[in-house]
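Engineer: Dropping a structure here in structure tokens format, bear with me for questions.
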Amino acid sequence: MDNFNFYSPTEFVFGKGREAETGKYVKKYGGRRVLIHYGGGSAVKSGLLDRVKQSLDSEGIFHIELGGVKPNPRDTLVYEGIKLCRENNIDFILSVGGGSCIDSSKAISIGVPYDGNFWDFYERKVGIKIALSVGTVLTIAAAGSEGSGSSVITRESTHLKRSVGSDIIRPVFSVLNPELTETLPAYQTACGATDIMAHVFERYFTNTEEVEITDRLCEAILLTMIKETPRAIAEPDNYDIRANIMWAGTVAHNDIVGVGRSQDWNSHAIEHELSGLYDCAHGAGLAVIMPSWMKFVMNHNVMRFAQMAVRVFGCQMNFENPALTAREGIKAFRSFLHRIGMPINFAELGARVEDIPTLVKNQNIGKGGGFVPLSAEDVTEIYHIAAKASI
């Protein structure tokens, strides 16, 4: 196991009806003038936004609103939010929504005190030194942004999707009420589950040896998602199932399962170009890319993939030919994704083989990083594997 520092200061407020306490936590963390940042009409129609505003009013907290966050959040709305915050002396960003809304809120939080273009942070031209505090009321279990120090934004003019990371932008608190996820359509539930599993796999496939404790934590989350996702789709209003998935999404990405080990993140980088270009759901893109990446890099450490196959998907270990076990595990993963309604190839996602050169050109994969360092040729091959994948 490698040396590590682990810092995860977010206070999680978990359970039924906890959104009614939002104002109390905004006040606890110093918020006096709040921007409520949310997505489409669901927060309004469900009455959630009104409940949140009432909780702020009860604490005497000034607030204004900015809705309109879309999946794969855009830089154009971030610029609007920065302007609005500066004009109204906002000191706290409250996200009411899913990961896209939280990521947009984080982008606004670093853009307000910065003199330049906030996109500089996403192009890694400057590091994050200061940000407004962010709190969240989570409505979708997926991205894990409610407990992470990362944010992903799409530049609308170029379709480039880029990320930034810093402990400075971890939310100071996150309200997690699983009831708020019970009305999600099956497809969104499945997309979220895929993203959660991908966050674990990006940490599970490591070159660091002797990391049994985090291996087992990763496997526990993956087994939970395999059990609970089909149940959530069949019983969408089952609180206990939703609660397990919501907490799994948080611990999958606050890095408790990633400490002391090298991580990958190339599958996320490869997928970002798909959702940036086609505006598809991030989880759906990961469902297409991740098993294809696994197939391409499997021989780098066959035994780690065989371990996944046995411990996570219940495959029988072939000690004479562990590669067969590894391939069986990858097939089992793709079959699970297909069973919960995820696309497994380009055609099902709505992607085009002829766009692969553009996807590769836009890639933002770090040189020499990850489980296996990837060249442009490697990424091209992974896209081609994904294009023709089948069960």
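Engineer: Return the pairs, sorted by first residue and then second, in which the second residue is not in a helix (DSSP H, G or I), the first residue lies in the stretch 227-249 and is of a type in the set (S, T, Y), the beta carbons are less than 6 Å apart, and the residues are 6+ apart or on different chains.
Structural biologist: Taking only residues 6 or more apart or on different chains, the pairs are T229/I340.
Engineer: Moving on to the next point. Taking the residues in the stretch 195-238 that are closer than 26 Å to E182 by Cα and more than 22 Å from the chain's Cα centre (by Cα) as candidates, determine which candidate is most open to solvent (accessible area, probe 1.4 Å).
Structural biologist: Restricting to residues being closer than 26 Å to E182 by Cα and more than 22 Å from the chain's Cα centre (by Cα), the top hit is D237.
Engineer: Right, something else. Are there any pairs with C-beta distances below 8 angstrom linking a residue in the stretch 337-351 that is within 13 Å of T194 (Cβ to Cβ) and of a type in the set (D, E) to a residue that is open to solvent by 10 Å² or more (accessible area, probe 1.4 Å) and part of a helix (DSSP H, G or I), with the two at least 6 apart or on different chains, and if so which?
Structural biologist: Listed pairs, sorted by first residue: none to list.
Engineer: Of all the residues that make up the stretch 159-169, how many are more than 13 Å from I93 (Cβ to Cβ) and touching a residue at least 60 places away in the same chain (Cβ under 8 Å)?
Structural biologist: Number of matching residues: 6.
Engineer: Does the stretch 316-335 hold any residues that are open to solvent by 10 Å² or more (accessible area, probe 1.4 Å) and in contact (Cβ under 8 Å) with a residue 40 or more places away in the chain, and which are they?
Structural biologist: Of everything in the stretch 316-335, those that are open to solvent by 10 Å² or more (accessible area, probe 1.4 Å) and in contact (Cβ under 8 Å) with a residue 40 or more places away in the chain turn out to be K331, R334, S335.
Engineer: While we're looking at this one, here's another question. Check off (1) surrounded by fewer than 16 Cβ atoms within 10 Å (Cβ to Cβ); (2) touching an Asp or Glu at 6+ places or on another chain (Cβ under 6 Å); (3) not in a loop (DSSP other than H, G, I, E, B) for S174 and give me the number that stays unchecked.
Structural biologist: (1)
Engineer: I'd like to check something: does the stretch 30-44 contain any residue that is among the hydroxyl-bearing types (S, T, Y) and in contact (Cβ under 8 Å) with a residue 40 or more places away in the chain? Quick ask: steps written out before the conclusion?
Structural biologist: So in the stretch 30-44, the residues among the hydroxyl-bearing types (S, T, Y) come out as 38, 42.
From what is left, the residues that are in contact (Cβ under 8 Å) with a residue 40 or more places away in the chain are 38, 42.
Yes, because at least one residue in the stretch 30-44 is among the hydroxyl-bearing types (S, T, Y) and in contact (Cβ under 8 Å) with a residue 40 or more places away in the chain.
The values are calculated or read from the model by the stated rules, or taken from the named source; none is laboratory data. Bear in mind the structure is a predicted one, so any value in this text is a computation, not a measurement. Here the Cβ is made from the backbone with ideal geometry for all residues, glycine too, and neighbour counts use every protein chain on show. Surface accessibility is based on the protein's heavy atoms, side chains included, excluding ligands, DNA and RNA. Shrake-Rupley method; radii C 1.70, N 1.55, O 1.52, S 1.80 Å.
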